[in-house]
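Structure record follows, encoded as structure tokens.
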Amino acid sequence: MPLDPSFIGRTYPPTEPYEVGREKIREFAVAIGDANPAYTDPEAAKALGYPDVIAPPTFPFVLSYRAAAQVVEDPELGLDFSRVVHGDQRFVYTRPVRAGDRLTVTIVIDAIKSLAGNEVLTVRGELHEASGEHVVTSFMTLVARAADEAGE
Amino acid sequence: MAISFDDVEVGTELPARSFPVTRAALVQYAGASGDFNPIHWNEKFALEVGLPDVIAHGMFTMAEAVRVVTDWVGDPGAVVEYSVRFTKPVPVPNDGVGTSIDVTAKVAVLLEDRRVRVDLLVKNRDLKVLGMSRAVVQLG
């Protein structure tokens, strides 16, 4: 069943603030095998002009993906997540995420399109610091494959 | 030793890198990222849904690829935009060796405000796994 295009532009309420900790950033950097000292050493981050350690460029996805559950699990939208794959991902940064940030995510449905029987959904996540400062925007495109593809 | 805009031109190549991917790395990434989709750690499940093997998280591949850019520029915060398209999965065999994500990159466009667009070519087993992989980078 095609997704309802009237959901385009729908904005979900901001998430509760997520407090970014130094050790969470370290855990993420270790998991991607990246030894850049800006991720783990506050002095190295300060030498680059940051008040504390910063997070790798793809770290914001941890927050935006979690927040996108609001869309994926929205019963009114009716997305079948078992058929969904991650098609595209884009980040636009005002500044890097850093330790001490208290980030909220506001999810917006930017687009719903049908392409060759697949439903293509673009979910935007705006990450703001508690002060109101914009930090980064995540654009995630989800592709829900056509229901009959698996031979059902 | 930041890279200066004055030192690059269209076609400037960034140092290429090859990043290993093992099953253990995927489990570690699942824990750190909170993405516990079983296609990234449960071979039985992956095969049942038609995949050739356990596959790497697309976001893991995206994270590895941009290291070519952040290692080149030094300051990871110099990346002001980064986008990819996930075009092919990266199967990770359970043989203790795993596979690799092989990344080359070059300056594709000189932009305003001393920024450049870097285009990345990201392969696994000689197959391109990311399309439209681009980073906009603020240079000094």
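Only the coordinates and a few stated rules stand behind these numbers; no lab work does. All values derive from a computational prediction rather than experimental measurement. Note: ideal-geometry Cβ built from the backbone for every residue, glycine included; neighbour counts use all protein chains shown.
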Just to check I understand the Karplus step: with θ = phi - 60° and J = 6.51 cos²θ - 1.76 cosθ + 1.60, what whole-Hz values come out for the range B:121-126, glycine and proline as x?
10, 10, 10, 9, 6, 6
Along the charge dipole of the range B:12-138, pointing to its positive end and built from +1/-1 on Cβ of Lys, Arg, Asp and Glu, which listed residue (B:Met59, B:Leu111, B:Gly77) has its Cα farthest out?
B:Leu111
Residue range of chain B that is longest and free of GluC sites (Glu not before Pro) which are both DSSP loop and sparsely packed (at most 15 other C-beta within 10 Å)
B:10-111
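In debye, nearest 20, what is the charge dipole magnitude of chain A about its Cα centre with +1 on Lys and Arg Cβ and -1 on Asp and Glu Cβ, if you could check?
Working: 14 positive and 23 negative charges, 86 e Å.
Charge dipole of chain A: 420 debye, to the nearest 20.
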For B:Leu111, enumerate residues with amide H under 5 Å from its amide H, sequence gap 5+ or separate chain, H modeled in the peptide plane.
B:Val116, B:Arg117
Any idea what % of Cα-Cα pairs in the range B:12-138 are farther than 19 Å?
50
Add -39500 (n - 2.57) for each DSSP H run of 4 or more in chain A, then divide by its residues: what number comes out at 222 nm, to the nearest 500 deg cm²/dmol?
-4500 deg cm²/dmol
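For B:81-94, what's the mean count of beta carbons from other chains sitting within 10 Å of each residue's beta carbon?
Values: counts 7, 8, 6, 6, 6, 7, 2, 0, 1, 0, 0, 0, 0, 0.
Going residue by residue through B:81-94 and averaging, the value is 3.
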Tell me, what is the percent relative contact order of the range B:12-138, built from C-alpha pairs under 8 Å that lie six or more residues apart?
30
Can you give me the long-range amide H partners of A:Gly87? Hydrogens built in the peptide plane at 1.01 Å from N, cutoff under 5 Å, separation of 5 or more residues or another chain.
A:Thr141, A:Leu142, A:Val143
So what is log10(I(q)/I(0)) for the range B:36-75 at q = 0.21, 0.26, 0.30 1/Å, when the Debye sum runs over its Cα atoms only?
-0.63, -0.78, -0.91
Counting only residues 5 or more apart in sequence or on a different chain, those whose built amide H sits under 5 Å from that of A:Thr94 are A:Val136, A:Thr137
I'd like the Karplus ³J(HN,Hα) series for the range B:66-75: coefficients 6.51, -1.76, 1.60, θ = phi - 60°, whole numbers in Hz, and an x wherever there's a Gly or Pro.
6, 5, 4, 7, 5, 5, 5, 8, x, 8
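Starting from the coordinates of the alpha-carbon atoms of the protein assembly as shown, obtain the Kirkwood hydrodynamic radius over all distinct pairs and give the value in Å to one decimal. Working shown, then result.
Details: mean 1/r = 0.0506 Å⁻¹.
Taking the inverse mean of 1/r over all distinct Cα pairs, the protein assembly as shown comes out at 19.8 Å.
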Per residue, the convex hull enclosing the Cα atoms of the range A:1-138 spans a volume in Å³ of 118
So, with +1 on the Cβ of K and R and -1 on the Cβ of D and E, and no other charges, what is the size of the charge dipole of the range B:12-138 about its Cα centre, to the nearest 20 debye?
220
Could you derive backbone 3J(HN,Hα) for the range B:102-107 from the dihedral phi with the Karplus parameters 6.51, -1.76 and 1.60 (θ = phi - 60°), listing whole Hz in sequence and x where the residue is Gly or Pro?
10, 10, 10, 7, 8, 6
